[in-house]
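None of the figures in this text is laboratory data; all of them are computed from the coordinates on show. None of the values given here were measured: they were computed from a predicted structure. FYI the Cβ positions are ideal-geometry reconstructions off the backbone, even for glycines, and counts take in every protein chain you see.
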Amino acid sequence: MNVCGSCKTENPTAAKYCNGCGAQLAAQAAASRDGFGRGWWIIMAVAGIPVILMLVGISSTPAPPPRKKLVIRTGNQAHDMLTELSAAAQAVVLAEAVRSTGDQCDGQRAFFMGLSPADNEALWSIQCSGGKAYEVSLAADSVGSSKVLDCETLRTLAKVNCFEKLR
């Protein structure tokens, strides 16, 4: 007989699931066959913490504080936050802005085009995996409002090229 560890119902030895509660019996049988009970992983985790700490080299000597990257504050909070991200993370955030318009974009490359001197609007370009590119403008407002424009349209309407610094 195979006793269910959940509800203590006796089941035939060949049963895979408990007749009383439906719990899987094969996993319980395998755990009891190898000599470990249900909570063996808890004991291993508690006993293993000192070993792990020793292996990663935690000592009484404090680590030096991480160096902070110099961030130039522009007055455009959304832009400032974006510049603190890695290039890959910038591409993910800008691609999400494109996807919010209904277009598909798997961001491959982000490029900062510049800030508008009139209103501190930040202009970024994002290259998507399908070959399409977009300009994403981030307003210097309290919520970081954004606008997305296809790079071909931007070039036609404003004679501005994505992936080039503004003049």
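Values computed for the structure shown
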quantity: Nitroxide proxy distance, nm - points 7 Å out along Cα→Cβ at E96 and Q24; calculated: 3.4 nm
quantity: Protection-proxy order for peptides 118-128, 2-12, 156-166, each taking the mean of Cβ atoms within 10 Å per residue, highest first; calculated: 118-128, 2-12, 156-166
quantity: Contour minus Cα-Cα distance for A87 and F163 (0.36 nm per residue); calculated: 25.9 nm
